[in-house]
Ligand code: NAD
Ligand code: IPM
Ligand code: MN
């Protein structure tokens, strides 16, 4: 039976990198004899323009019925003052699908080690995962915006913390068995509960170690000694910020994919970056973040390890030939990079 993939290109470079990734997926489908039914739906700013809602009802229903979801990126200045912004559509989708576990891997392909702004010896061999809690915390607490005062409430239940910490340990068991839980337990009540819960959950995983670290110093260590991390687990806002910071290690946000999982429903795969309005419509965005998100989908939703590896290897091979987009100092356009990857797959 054919498996259903919902594609949400979104806005800005989202549509450009989605085209690229779907072209590569089409090639892999032919080569590996895979049967996917792929359909695009309006979402984000495009949802507002086409249907008057960043998360149109038919888009949500299609996502609920999908086997996996691919998302480009949403947002842009055009909708910054819309009554409901594109970002609300994204948060609404994550919440509606219960996508509590956002997995953001960070590694540095050999081909770009010398391009990192950080010292080569600190960057070569970096391989860690940020496990970001995605449906709780300050993003979803009560908000009030007054003329002279505003507030955002940060809340976490113990159950929400337990499930994300467990997820981090399960991932650590498949890797180097070290979890670094990042919090601000010296100040925040939610972080105190977070740390206490992390210590309790750690006892369920005696083969792994737990280290607790405050978020401010973790941000510094991530740049100074990134090789010391294996699995970082943290709350929603800290994970958002730390993962963009982590993109400095390989040298561009344009190389960073992610996967978001719920307890039972379909998973969603998306780059960690946004719609990059500053480079949209120029055919210069780095499509790797989206292409690698497709590889994560093939592996994590469909168990197609070999197909995923082929895509990753083709990207590495293309970069090794010096074919790089402008974010990495190269000259290749989005379509040239994509064509080079497809050629490499042959
Ligand atoms: P951004 O991630 O869009 O861009 C930050 C910088 O990184 C820009 O200079 C951009 O050109 C560069 N960049 C990002 N992706 C790139 C790629 N693939 N190739 C080359 N360069 C790339 O962040 P921003 O500018 O702060 O936000 C723009 C919009 O995107 C906002 O509306 C924001 O809310 C939205 N956003 C959406 C998502 C999402 O859809 N998941 C994520 C983050 C931000
Ligand atoms: C991300 C983005 C989103 C977030 C925004 C667009 C709501 O920055 O996916 O990292 O903060 O989660
Ligand atoms: Mn972000």
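Residues in region 194-241 that are within 16 Å of ligand 1 (Cβ to nearest atom) and in contact with a helix residue (DSSP H, G or I) (Cβ under 7 Å, 6 or more places away or on another chain): 236, 237, 238.
Between 300, 282, which is surrounded by fewer than 20 Cβ atoms within 10 Å (Cβ to Cβ) and under 13 Å from residue 103 (Cβ atoms)?
Details: 282 fails: under 13 Å from residue 103 (Cβ atoms).
Exactly one residue qualifies, and that residue is 300.
The residue that is farthest from ligand 2 (Cβ to nearest atom), counting only those in region 40-90 that are out of contact with any helix residue (DSSP H, G or I) (no Cβ under 7 Å at 6 or more places or on another chain) and in a strand (DSSP E or B), is 40.
Restricting attention to region 266-274, does a residue exist that is away from ligand 2 (no atom under 13 Å from the Cβ), closer than 18 Å to residue 99 by Cα and either more than 12 Å from the chain's Cα centre (by Cα) or assigned by TED's automatic domain parsing to the domain that holds residue 190 (or both)?
To start, the set of residues in region 266-274 that are away from ligand 2 (no atom under 13 Å from the Cβ) comprises 266-267.
Next, from what is left, pick out any that are closer than 18 Å to residue 99 by Cα: 266-267.
Applying the additional criterion that residues be either more than 12 Å from the chain's Cα centre (by Cα) or assigned by TED's automatic domain parsing to the domain that holds residue 190 (or both) yields 266.
Within region 266-274, one or more residues are away from ligand 2 (no atom under 13 Å from the Cβ), closer than 18 Å to residue 99 by Cα and either more than 12 Å from the chain's Cα centre (by Cα) or assigned by TED's automatic domain parsing to the domain that holds residue 190 (or both).
The residue that is nearest to ligand 1 (Cβ to nearest atom), among those in region 56-75 that are touching a residue at least 40 places away in the same chain (Cβ under 8 Å) and surrounded by fewer than 22 Cβ atoms within 10 Å (Cβ to Cβ), is 62.
Yes/no matrix, rows are residues, columns are (1) modelled with pLDDT of 95 or more; (2) on the phi > 0 side of the Ramachandran plot; (3) surrounded by 16 or more Cβ atoms within 10 Å (Cβ to Cβ); (4) in contact with a strand residue (DSSP E or B) (Cβ under 7 Å, 6 or more places away or on another chain):
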| residue | (1), (2), (3), (4) |
| --- | --- |
| 127 | yes, no, no, yes |
| 134 | yes, no, yes, yes |
| 138 | yes, no, yes, yes |
| 145 | yes, no, no, no |
| 159 | yes, no, no, no |
| 171 | yes, no, yes, yes |
| 175 | yes, no, no, yes |
| 190 | yes, no, yes, no |
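Only residues that are free of Cβ contacts under 8 Å to residues at least 24 places away in the same chain and not in a helix (DSSP H, G or I) were counted in region 323-345, giving 4. Does at least one position in region 174-192 carry a residue that is free of Cβ contacts under 8 Å to residues at least 12 places away in the same chain and either closer than 30 Å to residue 298 by Cβ or within 16 Å of ligand 3 (Cβ to nearest atom) (or both)? Within region 174-192 (the criterion being free of Cβ contacts under 8 Å to residues at least 12 places away in the same chain and either closer than 30 Å to residue 298 by Cβ or within 16 Å of ligand 3 (Cβ to nearest atom) (or both)), the answer is yes, since at least one residue qualifies.
Against the condition within 16 Å of ligand 1 (Cβ to nearest atom) and not assigned by TED's automatic domain parsing to the domain that holds residue 300, how does residue 244 come out, does it pass? So residue 244 passes the test. Within region 297-321, the set of residues being outside any helix (DSSP H, G or I) and in contact with a helix residue (DSSP H, G or I) (Cβ under 8 Å, 6 or more places away or on another chain) comprises 304, 321.
The values are calculated or read from the model by the stated rules, or taken from the named source; none is laboratory data. Since the structure is predicted, the reported quantities are computational estimates derived from the model, not experimental observations. For neighbour counting, all protein chains shown are included, and Cβ atoms are generated from backbone atoms with ideal geometry for every residue, glycine included.
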